[in-house]
Amino acid sequence: MRTTRIGCGAGFSGDRIEPAEDLLRRGDLADLVLECLGERTVAQGQRRRLADPSLGYETRLPSRFTRLLPLAFRHGVRVVTNMGAANPLAAGRLTRTLLDSLGLGGTVAVVTGDDVLAAVDLDAPAWETGRPLRSHGEIVSANAYLGADAVLPALGADVVITGRVADPSLFVAPVADRLGWDLSDVPRVAAGTLVGHLLECAGQLTGGYFADPGYQDVPDLDDLGFPYADVSADGTAGLGKLPGTGGVLSRATVREQLLYEITDPAAYRTPDVVLDLREVTVTDDVRVSGARGLPRPDELKVSVGYRAGSKVEAEISYVGPNAAARGALAAEVVTKRLAGVPLRAEVLGGDLDCRLRVAAISHDGALLDRVGDEVESLYTNGPAGGGGVRVHVTEVIGIVSTLIPREAVRPAVTLLEAADAAP
């Protein structure tokens, strides 16, 4: 039966890069997916884009691609990633420049259309609060979770860059492309979504975030290998990791990842299918099957960003005998002096070495300055032996969620060919 092999080279924005290099060198992959985007990283990208419209993509994109793309081109592996974050076109142009500088040529495809700020209903309720979106503050972004149908037209390129795409959809699209699946084929798309859900967090499937010494032992965690899947035309899949790599891939790791971020195992909503996991089986040789589903929903989830004020984080350390008690006293001093200010004060560490952290979020800059000043004043107005004060203030982009009708979203693909390509 015809199969295709797809691997995951990143499960979040700060992931290691060496396992992805290893997969490209000796994994015999058709596709490598780098899943680097979450609600937190979308918010960070939006903050960078607001400060500079040329930014907003994943900051590690240049360093990752400098190391990975020469290997991908050498071994004929297509790369798909959501590192475009809040500015996929800028990410695509940067990737095009990088490929040209490396003499690799090829084609970059950029998937856009997830930016639905102009189309979202600001009077719609946010899932998290039930209040209208506009009531949370100045709305600065709205990104819909695109599905495999938005990515599929881009897959003639060597490198595909997207913004907000549902994590499993990044895998469903290349698998469907390789195996000739129709995205209206619910059983196969359900199977592909299962594979994507299992692979999307990379090392979490092979022992990362699983290890618990004495209970769930994982060998050579320092050399964790990332997973791949051999997906058959009927949707069944065998999971694997490269020989000689650390970690463990077992029924236990697969079953734990299977339930990761699943609210309802009978109806996990994605842009491609409503996935039913209740009859999924995992064999001892880590083959998975049994995914079922219902047709894709008529609405897409949207992450809406709003200006939530700024956050101050102020810290001071205490060391030596009775340090924890001195830290607790410092927290008490700050809390009393800032009575009525919504803040969080916590003492981190042990009896001989601890750090007081005070944090607050507000639109009032003077209040944030006051929090930092109170912690700094502990040098000479607080318990003995305080030192190492740090005060940091940064803008916060809050995130809430809502739905948008699918027909209101207009995905598009932009092709960026090599500088010396014929017009």
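Observations on the model:
- Per-residue SASA entry for residue 26, accessible area with 1.4 Å probe, Å² rounded to 10: 120
- Separation of the residue 104 and residue 67 label points, Cα + 7 Å toward Cβ, nm: 1.4
- When a 1.4 Å probe is rolled over the protein heavy atoms, the share of accessible surface on the range 128-186 that falls to carbon and sulfur comes to 45 percent.
- Counting 0.36 nm for each residue step from residue 379 to residue 279 and taking away their Cα separation leaves a gain of 29.9 nm.
- The calculated Kirkwood hydrodynamic radius for the range 181-231 is 12.7 Å, given to one decimal from all distinct C-alpha pairs.
- Residue ranking by accessible heavy-atom surface, 1.4 Å probe, largest first, among 294, 183 comes out as 294, 183.
- Net +/- balance of residues flanking residue 389 in space, Cβ distance below 9 Å, scoring K and R +1, D and E -1: -1
- Charged neighbours of residue 171, selected by a Cβ distance under 9 Å, balance to -4 (K, R count +1; D, E count -1).
- More than 41 Å apart - percent of Cα-Cα pairs taken over the chain: 24
- Amide H contacts of residue 146 (H built 1.01 Å from N, in plane; Pro and chain starts excluded): 165, 166 sit under 5 Å, all sequence-distant by 5 or more or on other chains.
- In the context of the full set of protein chains, residues of the range 200-339 present 46 Å² of accessible surface per residue (probe radius 1.4 Å, heavy atoms only).
- Label-to-label distance, residue 393 versus residue 259, with points set 7 angstrom from Cα along the beta-carbon direction: 4.5 nm.
- Descending Cα extents along the principal axes, the range 127-205, whole Å: 46, 29, 27
- Added length on full extension, which subtracts the Cα-Cα distance from 0.36 nm per residue, residue 319 to residue 417: 29.5 nm
- Springs join every pair of Cα atoms under 10 Å in this Gaussian network model of the chain, and among 336, 311, 301 the largest mean-square fluctuation is at 336.
- In terms of packing, defined here as the mean over residues of other Cβ atoms within 10 angstrom, the peptides 89-97, 350-358 line up highest first as 89-97, 350-358.
- Counted charge near residue 63, where neighbours are those whose Cβ lies closer than 15 Å (Asp, Glu -1; Lys, Arg +1): 0
- Largest to smallest principal axis extent of the C-alpha atoms in the range 257-392, angstrom: 65, 39, 21
- Within the accessible area of the range 274-423 (1.4 Å probe), percent carbon and sulfur: 52
- Rg to Rh quotient for the range 1-157, alpha carbon positions, Kirkwood Rh: 1.02
- Rounded, prolate or oblate (a/c below 1.5 giving rounded, otherwise prolate when a/b exceeds b/c) for the range 181-339 by Cα gyration tensor: oblate
- The range 336-420, Cα convex hull volume normalised per residue, Å³: 266
- Placing pseudo-labels 7 Å out from each Cα toward the beta carbon at residue 117 and residue 407 gives an inter-label distance of 2.6 nm.
- Centroid-to-centroid, using Cα positions, the range 132-167 and the range 210-283 are 25 Å apart.
- Taking all protein chains together and a 1.4 Å probe, the residues 21, 39, 346, 138 rank 138, 39, 346, 21 from largest to smallest accessible area.
- The amide H of residue 293, built 1.01 Å from its N in the peptide plane, has 276 as neighbours under 5 Å, considering only residues 5 or more places off or on other chains.
- Global geometry of the range 85-189, whether rounded, prolate or oblate, following the gyration tensor of its Cα atoms and the 1.5 cut on a/c: oblate
- Taking the empirical scaling 2.2 N^0.38 Å for compact globular proteins as reference, the range 275-337 has a Cα radius of gyration ratio of 2.47.
The values are calculated or read from the model by the stated rules, or taken from the named source; none is laboratory data. Everything quoted here is computed from the prediction, not taken from an experiment. With ideal geometry, Cβ positions are generated from the backbone for all residues, glycine too; neighbour counts draw on all protein chains shown. Accessible surface areas use protein heavy atoms only, side chains included; no ligands, DNA or RNA. Shrake-Rupley method; radii C 1.70, N 1.55, O 1.52, S 1.80 Å.
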